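Read the figures in this text as sums done on the coordinates, not as results from a lab. Computed from a predicted model, the values in this text were never measured in an experiment. Because the Cβ atoms are built from the backbone with ideal geometry, glycine has one as well, and the counts that use them run over all protein chains shown.
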2 protein chains.
Amino acid sequence: MNRRNTPTKEAVLNLLMNSRKALSQDAIERQLDIEINRATIYRVLNRFCEDGIVHKIVAEDGKQYFAICKKCENPQEVIQPHFHFRCLSCDTIECLQVPVECSVPNGYEVQNANCVLTGTCNDCS
Amino acid sequence: MNRRNTPTKEAVLNLLMNSRKALSQDAIERQLDIEINRATIYRVLNRFCEDGIVHKIVAEDGKQYFAICKKCENPQEVIQPHFHFRCLSCDTIECLQVPVECSVPNGYEVQNANCVLTGTCNDCS
DNA sequence: GTATTATTGCAACTTATTCGCAATAAAATA
DNA sequence: TATTTTATTGCGAATAAGTTGCAATAATAC
């Protein structure tokens, strides 16, 4: 299951790298110069997730958003679960540099976290 | 827009009251004794949300789950944003008594929070 | 008892995501 | 460089969750 380099893969990765925000499939499709099939975009994104290059956020609208896994200070470091902010006005999602800290009852084991705050961002308020 | 009491409404409310967990539409439909149309269940649930009787959680699977708004200690008190736990093993969601606390950058305004941890609950681990 | 209108069921629709399959094209190999 | 292998792509169809329009029904008010 070796990964191959394709124009599609590169285009999507570049877009995500240059975006400060998490993007949905349709946003990616809209912003791309080249035309890429819907299903392909999903497959590329899911592969990125498997490889730990990208993380997925599911928002209140039930849609999936994808963002590059990096910490501003130290891009190498493994990504920590963190909060996200979804602006209802400009309909974007961005990573907040706030780690999710939540103690769970005994015997519970946390594997993942999906935390999204919604409201209005600075640009829109 | 006055609300009316109907068998449907009561059945759904009773189910939610007696459940320690947040339920999805299909779970509700399955657990109900009487047969209620899918669309109707959604409409009843959304009305409950409007009335502040129930709150909605969107999980990583993109599905909506509904839970009674109450605090164990003080059922009267207005509900605070809190974390939820979704067990991947028994596919249930429950409210954790842990408030969501997350400071956002200047100029950001938070209206709502949707925070779900996933993993294995005590019963399943 | 009658009138008003909130609620329901049904069917159709929308939207997001996935899947099967054949065609294409990276990368490995000869 | 030519050939082989198989990951990737595009297409169309399928799935699944949730919503909506509309006519019929049934709470509630009068």
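Per-structure values
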{"item": "Residue match in the stretch A:70-79 (condition: within 14 Å of chain B (Cβ to nearest Cβ), more than 22 Å from B:Gly62 (Cα to Cα), away from DNA strand D (no atom under 16 Å from the Cβ) and of a type outside the set (Phe, Trp, Tyr))", "result": "yes"}
{"item": "Filter result for B:Asp51 (within 12 Å of DNA strand C (Cβ to nearest atom), more than 13 Å from the chain's Cα centre (by Cα) and more than 9 Å from chain A (Cβ to nearest Cβ))", "result": "yes"}
{"item": "Test: residue in the stretch A:94-110 that is closer than 25 Å to B:Asp61 by Cβ and within 16 Å of DNA strand C (Cβ to nearest atom)", "result": "no"}
{"item": "Selection count where residues are among the charged types (D, E, K, R) and under 11 Å from the mean Cα position of the chain (by Cα), scope the stretch B:1-30", "result": "2"}
{"item": "Of all residues in the stretch B:97-111 being out of contact with any Gly (no Cβ under 7 Å at 6 or more places or on another chain) and more than 16 Å from A:Ser103 (Cβ to Cβ), the one that is nearest to the other protein chains (Cβ to nearest Cβ)", "result": "B:Gly107"}
{"item": "Contacts under 8 angstrom Cβ, first residue in the stretch A:18-39 being on the phi < 0 side of the Ramachandran plot, partner loosely packed, with under 10 Cβ neighbours inside 10 Å and outside any loop (DSSP other than H, G, I, E, B), 6 or more apart", "result": "A:Ile34/A:Pro7"}
